[in-house]
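Every read-out reported here was derived from the displayed coordinates using simple, explicitly stated rules and does not represent laboratory data. These figures come from a predicted structure and were not determined experimentally. Quick reminder, even Gly has a Cβ in these numbers, built from the backbone with ideal geometry, and neighbours come from all protein chains shown.
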Amino acid sequence: MKLDDTNKAIIKELSNGRRAFSTIAEKIGITENTVRSRVNKLIEDGVLQISGLVNPQYVPEMQVVVMGIKLSTLNLEDKAKEVLKLKGVISVMVVTGRYDLIAQIATSTADDQSLLNFFKNELSKVKGVSDVETFVVYQSHNYMIPYIL
């Protein structure tokens with residue numbers, strides 16, 4: 001799906017996902033029904049997702065980790081989908097550079113969802129991982145994630 005100027009304007013207004021369709025319609029000069037149908041189509045097509053996000057700094061037991069993953073296979077898309085299914089994984093990206101995948105992971109200090117347990121119980125399920133480097137997020141700015149713990 002190609003995003004036209006109207007879809008882009010609607011998405012920009014939805015940076016506050018609770019903004020009323022009537023307010024968006026008035027601001028960009030279209031009808032509320034047009035906004036509603038376009039938003040529903042964008043969601044249906046997988047272009048847009050409206051969700052509640054949290055700032056991990058305000059969830060004391062949450063620890064966010066960015067993980068660079070090197071693979072011994074070139075089957076990058078399938079491996080990315082496999083990693084995405086692991087408990088605690090927020091997102092996975094196929095990238096260029098020294099890693100094949102970059103994953104964002106939410107771990108917890110409150111239960112068995114520690115980073116060590118992620119390696120032992122989750123990442124170990126993925127065959128073909130040759131190297132991993134973790135980056136623990138100590139502080140973030142304008143960073144919001146889904147609450148998945």
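Scanning segment 55-89 for residues that are farther than 16 Å from V136 by Cα, part of a loop (DSSP other than H, G, I, E, B) and touching a residue at least 12 places away in the same chain (Cβ under 8 Å) yields S72, T73, N75, L86, K87. For segment 90-123, the set of residues classified as within 16 Å of T134 (Cα to Cα), touching a residue at least 24 places away in the same chain (Cβ under 8 Å), of a type in the set (A, V, I, L, M, F, W, C) and not in a helix (DSSP H, G or I) consists of I90, L101, I102, A103, I105, A106, listed by residue number.
Suppose the filter is small (G, A, S), surrounded by 15 or more Cβ atoms within 10 Å (Cβ to Cβ) and out of contact with any Phe, Trp or Tyr (no Cβ under 6 Å at 6 or more places or on another chain); does A20 pass it? Full working, then the answer.
Details: small (G, A, S): yes; surrounded by 15 or more Cβ atoms within 10 Å (Cβ to Cβ): no; out of contact with any Phe, Trp or Tyr (no Cβ under 6 Å at 6 or more places or on another chain): yes.
So A20 fails the test.
For segment 37-46, does any single residue satisfy the condition of being loosely packed, with under 14 Cβ neighbours inside 10 Å and closer than 30 Å to V129 by Cα?
Initially, segment 37-46 is screened for residues loosely packed, with under 14 Cβ neighbours inside 10 Å, giving 37, 40-41, 43-46.
Those left that are additionally closer than 30 Å to V129 by Cα: 46.
Checked against the condition, which is being loosely packed, with under 14 Cβ neighbours inside 10 Å and closer than 30 Å to V129 by Cα, segment 37-46 yields at least one hit.
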